[in-house]
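Working notes, structure below.
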Amino acid sequence: MKKLIQTNIAKTLYFLVGLVLILLLMLYVSDNSIIAAYDKGPKIVFKETEHDFGKVPQGPSLQYNFKFTNKGSGILRIEKVSTSCGCTAAEVGNKTEYKKNESGYIKVEFNTQGRVGHQEKTITVFTNDPDNQQVNLKIMCDIDPNMSY
């Protein structure tokens, strides 16, 4: 009887240890699959998010291209671009979808006509990047009405 109990206890113990090892292995594989799936998404990386035109005359339109690259492995989509003021226009460059390591730009134009002094304008870029669904870009300048162009 004692050998039967020891054998049944040993079998149960081996079964439980095996079950725990299988569960731990499944948990490890599951976590790594989630991480791998996350790495497959797009990732927008801007070269810079601010640009200062410095001191400028009143009247001309100022233009600047904010350059970015998709550093993720999924397709990056620029869904929409909006500005904080009617004096500022922004548009996506040549296309709206970018593969891994492809680059593009957001073209910004600011009209200085009728404005004086320090100006700061914000451009919001909406993307499908899970970490950066909205990226804020900023342009700045100091408009001097007495300066000629």
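Miscellaneous remarks
- Only one entry in I106, I75 is over 30 Å from D144 (Cβ atoms) and aliphatic (A, V, I, L, M), namely I75.
- Residues that are closer than 30 Å to N70 by Cβ, in contact (Cβ under 8 Å) with a residue 24 or more places away in the chain and surrounded by fewer than 16 Cβ atoms within 10 Å (Cβ to Cβ), drawn from the range 108-123: E109, T122
- For first residues located in the range 84-107 and not assigned by TED's automatic domain parsing to the domain that holds M140, partners that are hydrophobic (A, V, I, L, M, F, W, C) and surrounded by 13 or more Cβ atoms within 10 Å (Cβ to Cβ) and lie 6+ apart or on another chain with Cβ distances below 8 Å do not occur.
The values are calculated or read from the model by the stated rules, or taken from the named source; none is laboratory data. Keep in mind the model is a prediction, meaning the values are calculated, not measured. As a convention, Cβ positions derive from the backbone with ideal geometry for all residues, glycine included, and neighbour counts pool all protein chains shown.
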